[in-house]
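Structure, as structure tokens:
The values are calculated or read from the model by the stated rules, or taken from the named source; none is laboratory data. Quick caveat: nothing in here was measured; it's all calculated off a predicted structure. In this analysis, Cβ positions are derived from the backbone assuming ideal geometry, glycine residues included, and neighbour counts consider all displayed protein chains. Just the protein is used for accessible areas: all its heavy atoms, side chains included, with ligands, DNA and RNA removed. Shrake-Rupley method; radii C 1.70, N 1.55, O 1.52, S 1.80 Å.
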Amino acid sequence: MARVVINAPKSAKRGEVIEIKTLAGHAMETGFRRTQTGELIPRDIITQLVCTYNGIEVFRAELHPAMAANPLIAFSTLATESGTLEFKWTGDNGYAVTQSASITVV
Amino acid sequence: MTSRRRFLALISGALAAGEVAAQLDPNIQALRAAALEAAIRRVTGGKPVRAGKVKLEVPPLVDNGNTVPLSVSVESPMTSAEHVKAIHVLTEKNPQPYVISAYLGPRAGRAGIATRARIADSGRVIAIARLSDGSFWSDTVSVVVTLSACLEDGLI
């Protein structure tokens, strides 16, 4: 089951820089490892994370096999207006998870 | 109980993996260096990269290469006229040099990201930032890895 965690403030002052931490539960199989019998384990990773703030893209990251398992990505954004932060992870084998967090700007 | 058939299968698998490692060994350093150069060229489009402005923080001694915390920050006012457009993190010794490419803009407020990487072997880790004026800046840190990521396959 795809499980993701977002840590973002519930409220912020207008113009404040807010820190957002995201964590997705995923093995991030590199495609370089072998089984005991020598067969390659196929690659299965999350390839992209996109964060939109009220529909406008504010952050995007492309991930590669060299990301650790359960990829944690922390970044920041300006609190401009109340609304929703939407996070979308996409990856190999049709992996797609969307999660949102609401924020109140005072 | 391990049956004889299963035991033989395991042994032949281990031998096959060993052979692959042996075949890769002689040129692996040159290949990895070339791959890193190619990756930097792909990221920058052949533009010169200057050292400075970027601060890459990685622990210099890594116990476990499977999760290496790292953070990148860039000196930038992050205004619409002058901001950081992208931050790329690359490694020297991994099978592929890319770790993460992050794209930000003036709405980031602060030019910085933090994440966790896998690092296969002791070597350089490089962060490259692309600024809105089209210039590229970088920071390089050498790390020592005691327990490698991807240790099992012997490919380092």
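Worth a mention:
- In this calculation the C-beta distance from A:GLU19 to B:ILE28 is compared with R0 = 45 Å, giving a FRET efficiency of 0.70.
- Peptide ranges A:67-80, B:76-89, A:13-26 listed from the most packed, as the mean C-beta count within 10 angstrom indicates: A:67-80, B:76-89, A:13-26
- Inter-chain shielding of B:97-107 (mean C-beta neighbours from other protein chains, 10 Å cut-off): 6
- Inter-part distance, the range B:55-79 to the range A:1-62, computed on C-alpha centroids, equals 17 Å.
- Accessible area buried at the A-B interface, both sides summed, 1.4 Å probe (Å², nearest 100): 3000 Å²
- Relative contact order of chain A, pairs being alpha-carbon contacts under 8 Å that are 6 or more residues apart, as %: 33 percent
- For the range B:58-156, the orientation-averaged shadow of the C-alpha convex hull comes to 5.9 nm² (one quarter of the hull surface).
- Legend: residue pairs A:LYS21/B:LYS55; A:LYS21/B:LYS53; A:LYS88/B:LYS93; A:LYS13/B:LYS85; A:LYS21/B:LYS47, Cα-Cα distance threshold 22 Å; pairs beyond threshold, A:LYS21/B:LYS53; A:LYS88/B:LYS93; A:LYS13/B:LYS85; A:LYS21/B:LYS47.
- Taken residue by residue and averaged, Cβ atoms of other chains lying within 10 Å of the Cβ of A:38-48 number 2.
- Centre separation in Å (Cα based) which lies between the range B:92-145 and the range A:87-104: 23 Å
- For the protein assembly as shown, the mean projected area of the C-alpha convex hull, equal to one quarter of the hull surface, is 15.9 nm².
- Two-decimal Rg to Rh for the range A:21-106 - Kirkwood Rh, Cα set: 1.10
- Packing around the peptides A:82-94, A:50-62, taken as the average count of other Cβ atoms within 10 Å per residue, puts them in this order, highest first: A:50-62, A:82-94.
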